[in-house]
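Peer 1: This is the structure I have questions about; it appears just below.
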Amino acid sequence: MRSAKDFFRPLAVGAPEPLREIPARPSRAIHFFDPSNEKMAAKVPQLVGKVDVLLGNLEDAVKADRKEAARAGLVEIAKANEFGPTQLWTRVNSLDSPWVLDDLTTLVSEIGDKLDVIMVPKVEGADDIHYVDRLLAQLEAKAGLDRPLLVHAILETARGVANVEEICGASPRMQGLSLGPADLAADRRMKTTRVGGGHPGYLVREDPVRDSDGSDQQRSTYQQDLWHYTIARMVDACAMHGMYPYYGPFGDIADTLACEDQFRNAFLLGCVGAWSLHPSQIEIARKVFSPSVEDVAHARRVVAAMGDGTGAVMLDGKMEDDASLKQCLVMVRLAEELAAIDPELKAAYAEVPDGIDA
Ligand SMILES: CC(=O)SCCNC(=O)CCNC(=O)[C@H](O)C(C)(C)COP(=O)(O)OP(=O)(O)OC[C@H]1O[C@@H](n2cnc3c(N)ncnc32)[C@H](O)[C@@H]1OP(=O)(O)O
Ligand SMILES: CC(=O)C(=O)O
Ligand SMILES: [Mg+2]
């Protein structure tokens, strides 16, 4: 077992020092593209500055005979573009695949200075992260990188979910977690065939109500969220370890309304972003994972009303105190982070006064 004192020492001679804190960078949409798909790759330069994260996907959804083309395509795209405020991430192939070693070796040595985060699929425990951690340190040292690459794990097996806390605590590189609902459903033997989202059969029904004539009234049903348990576990594990949780993919591209609902549930529960698989989902994620102007206005009013941050006050008939202030500060800080990279939001949030009369 490593000592706590060793945790922030590089794992290879010459590798950059690990970060002590994961920077809170806006990442409302992690936009997936297949770098071997010419049409998608051609759209990447137009998306720079319009999406928080561009992710070159090398794993599932890239055909086996296109794996090398995807890897080479990502190297080409990274070298040919400046990404400004947009982060560049990749999803490498799974650790048991024949491609992942070349993915990591090539990407770190060729474009390690451009990449921000490496997403690792099907992470099952701390040992998977330890393997990637040491290998990245060796590759970073060899490439002469001056900042460490961060690691993001997808939770998509039952074992991964069972080990979520140890995965998050396995390395100071750990940036975040995403839900992998498709593989997770298969691994758990859930009886669904979708990529994320709900299911009409997963519901509760209200109790029977009998009319005075003895006939049964129509009983309402309420669809439940299949993913609530897993997302809640991810949120707690991430908060505990100073990392960021994300809803994963929503595969029904045409159902923009349900996509928005699913993303919003995740936002309200503590997630900072979701994946976009198609350009049409970028705006949904941007909207959902940016606090509303009204919420920011309310949060600022509470901050102003709470003065030194202690005690209790009444605002609009409701009690506010140290704890509700902390929630409001989460909202205000997120608004500030987003305003720093999003001029439209900056203008919208600026219209909201700081004072208690908003
Ligand atoms: C369970 C998981 O692992 S989820 C993560 C893995 N899956 C993915 O990454 C999927 C990524 N997305 C896709 O492959 C595609 O968006 C699909 C297959 C879902 C739909 O593709 P299409 O049928 O081509 O969609 P559509 O016809 O609406 O595309 C419109 C345009 O947007 C482009 N486009 C589609 N998706 C993307 C994308 N993710 N990024 C950039 N451009 C895209 C298309 O190439 C097309 O371009 P064109 O106007 O020049 O012809
Ligand atoms: C996101 C992903 O990889 C999955 O749902 O399987
Ligand atoms: Mg998967």
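Peer 1: Which of (1) in a loop (DSSP other than H, G, I, E, B); (2) open to solvent by less than 10 Å² (accessible area, probe 1.4 Å) does residue 234 not meet, given it meets every other one?
Peer 2: Unmet for residue 234, out of (1) in a loop (DSSP other than H, G, I, E, B); (2) open to solvent by less than 10 Å² (accessible area, probe 1.4 Å): (1).
Peer 1: Can you list residue pairs whose Cβ atoms sit under 6 Å apart, with the first residue in segment 13-33 being open to solvent by 20 Å² or more (accessible area, probe 1.4 Å) and the second being aliphatic (A, V, I, L, M)? Count only pairs 6 or more apart in sequence or on different chains.
Peer 2: 14/141; 26/338; 26/341
Peer 1: Of everything in segment 110-156, what is within 22 Å of residue 241 (Cα to Cα) and open to solvent by 60 Å² or more (accessible area, probe 1.4 Å)? Give them in sequence order.
Peer 2: Residues satisfying the conditions are 127, 130, 131, 134, 147.
Peer 1: From the list 101, 95, 107, exactly one residue is crowded, with 21+ Cβ neighbours inside 10 Å, free of Cβ contacts under 8 Å to residues at least 60 places away in the same chain and over 22 Å from residue 242 (Cβ atoms). Which is it? Even if it seems obvious, please write down each step before you answer.
Peer 2: On the way: 101 fails: crowded, with 21+ Cβ neighbours inside 10 Å; 95 fails: crowded, with 21+ Cβ neighbours inside 10 Å.
After ruling out the rest, the residue left standing is 107.
Peer 1: Pairs only if they're at least six apart or on different chains, beta carbon under 8 angstrom, first in segment 172-197 and closer than 30 Å to residue 3 by Cβ, second open to solvent by less than 40 Å² (accessible area, probe 1.4 Å) and within 8 Å of ligand 2 (Cβ to nearest atom); list them, first residue then second.
Peer 2: Filtered contacts from segment 172-197: 177/154.
Peer 1: So, one more: Only one of these conditions is not met by residue 208: (1) part of a loop (DSSP other than H, G, I, E, B); (2) in contact (Cβ under 8 Å) with a residue 24 or more places away in the chain; (3) farther than 21 Å from residue 31 by Cβ; (4) open to solvent by 70 Å² or more (accessible area, probe 1.4 Å). Which number is it?
Peer 2: Residue 208 satisfies all of (1) part of a loop (DSSP other than H, G, I, E, B); (2) in contact (Cβ under 8 Å) with a residue 24 or more places away in the chain; (3) farther than 21 Å from residue 31 by Cβ; (4) open to solvent by 70 Å² or more (accessible area, probe 1.4 Å) except (2).
Peer 1: Where residues in segment 28-60 are of a type in the set (A, V, I, L, M) and not in a helix (DSSP H, G or I), which of them is nearest to residue 285 (Cα to Cα)?
Peer 2: Looking at residues that are of a type in the set (A, V, I, L, M) and not in a helix (DSSP H, G or I), I get 29.
Peer 1: Part of a loop (DSSP other than H, G, I, E, B), modelled with pLDDT of 95 or more and within 16 Å of ligand 3 (Cβ to nearest atom): does that describe residue 123?
Peer 2: Yes.
The values are calculated or read from the model by the stated rules, or taken from the named source; none is laboratory data. Because the structure is predicted, anything quoted here is derived from the model rather than measured. Glycine gets a Cβ as well: all are built from the backbone with ideal geometry, and neighbour counts include every protein chain shown. Surface areas here come from the heavy atoms of the whole protein model, side chains and all, with no ligands, DNA or RNA. Shrake-Rupley method; radii C 1.70, N 1.55, O 1.52, S 1.80 Å.
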